[in-house]
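Trainee: Submitted below is the structure of interest, expressed as structure tokens.
The values are calculated or read from the model by the stated rules, or taken from the named source; none is laboratory data. Note that this is a predicted model, so its numbers are computed, not measured. We place every Cβ from the backbone using ideal geometry, glycine too, and count neighbours over all the protein chains shown.
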Amino acid sequence: MKPIVMRPPLGDEPIKPRIEKNDSQIENEWTEPVVDSYREPHSDFKPAEGSIFDVFPTPMFRGYMDIDHDKVSQDVRDMVSKVKERNGDDVLRNYTTYFDTDIRESMYQLDWYTTFANVLKDTYIQFIHGEFNRRVNHLTRKDIHLFTWVNRYEGEHAHDVHNHINSTMSGTYYPLVNEHTSPIKFYNPNTLQGYATTDGSEPQEMNGITRVGGIDFHLQPILGEFLLWPSYMMHQVPQSGRDDSKNYERISISFNLSHNEPLLDTEQGDDLQYGFMHD
């Protein structure tokens, strides 16, 4: 699969609506990057370069985070150590900063985090504008909600099927990858309860992505890369780690991104305050 470099479209150029394609069309084509119909973006606007690929068909982004992965990994270990001191043997909490707001937010002060946040926000804007025709010209980086949390597994584990439905885009960054790193598995959003079925097709593997018919696909993480996908997509981390692997470690930083849309056509009906719903 050839990479597609995202570039911002001309502000005055109408954006064509996205045309959905079936799996056979997607499998046998790719889009040539447009190199001569775009103007230079703002000098501080620095989304990640990477490839956009369609699944089911749903566009996802796969890019590289150019920061010190070793430093990030050590900072994750330090944060999770504090979580363990607080949560002890609670295996549902002691591997992540998701539930401990003060430890999670301490990440904001780390020397690599501003670059990390800028790249995620810029890539998010580029992705939702280019692929979903979302309006973004009313936004600044400070208007984008970014919720991040770290995860560190040191033994056998699995993360069951779930999604992040209250966000717009979700993703994961992988600062540490080894031979035991489990893939992330996504399920077809167009198949009702598709994660519990299979169509009997033989798996097909290409560029670290294993497709199983039209039901699901597995993506094997690469060191330093991050993924960005629509938050409604169901996904999981299958069982990984081994009892005899004393040095097993799986580190990742997960995140959700969203923003407020300007509302139009709001004047219909009589005005009414809804605060009574929470009284």
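Trainee: Please enumerate the residues belonging to region 76-91 that are part of a helix (DSSP H, G or I), out of contact with any Asp or Glu (no Cβ under 7 Å at 6 or more places or on another chain) and farther than 12 Å from S106 by Cα.
Mentor: Let us first name the residues in region 76-91 that are part of a helix (DSSP H, G or I), namely 76-87.
Of the ones still in play, those that are also out of contact with any Asp or Glu (no Cβ under 7 Å at 6 or more places or on another chain) are 76-82, 84-85, 87.
Residues satisfying the conditions are R77, S81, K84, E85, N87.
Trainee: When you go through (1) surrounded by 15 or more Cβ atoms within 10 Å (Cβ to Cβ); (2) part of a helix (DSSP H, G or I); (3) of a type outside the set (D, E); (4) out of contact with any helix residue (DSSP H, G or I) (no Cβ under 7 Å at 6 or more places or on another chain) one by one for T115, which number turns out not to apply?
Mentor: Every condition holds for T115 apart from (1).
Trainee: Run down D66, D102, D122 and say which single residue is under 23 Å from I222 (Cα atoms), assigned to a helix (DSSP H, G or I) and either of a type in the set (D, E) or touching a strand residue (DSSP E or B) at 6+ places or on another chain (Cβ under 8 Å) (or both).
Mentor: Numbers: D66 fails: assigned to a helix (DSSP H, G or I); D102 fails: under 23 Å from I222 (Cα atoms).
Sole residue among the options that is under 23 Å from I222 (Cα atoms), assigned to a helix (DSSP H, G or I) and either of a type in the set (D, E) or touching a strand residue (DSSP E or B) at 6+ places or on another chain (Cβ under 8 Å) (or both): D122.
Trainee: Is it the case, given these coordinates, that Y173 is at pLDDT 95 or above and assigned to a strand (DSSP E or B)? Spell out how you get there, then give the answer.
Mentor: Values: at pLDDT 95 or above: yes; assigned to a strand (DSSP E or B): yes.
Against the criterion (at pLDDT 95 or above and assigned to a strand (DSSP E or B)), Y173 qualifies.
Trainee: Let me ask something else about it. If you check every pair at least six apart or on different chains, which have Cβ atoms under 6 Å apart with a residue in region 224-251 that is at positive phi first and a residue that is part of a loop (DSSP other than H, G, I, E, B) and modelled with pLDDT of 90 or more second?
Mentor: Partner pairs satisfying both residue conditions: G224/M65.
Trainee: Residues that are of a type in the set (F, W, Y), touching a helix residue (DSSP H, G or I) at 6+ places or on another chain (Cβ under 8 Å) and at pLDDT below 90: does region 30-44 have at least one? Quick ask: steps written out before the conclusion?
Mentor: Initial filter on region 30-44 (of a type in the set (F, W, Y)): 30, 38.
Still in the list and also touching a helix residue (DSSP H, G or I) at 6+ places or on another chain (Cβ under 8 Å): none.
Within region 30-44, none of the residues are of a type in the set (F, W, Y), touching a helix residue (DSSP H, G or I) at 6+ places or on another chain (Cβ under 8 Å) and at pLDDT below 90.
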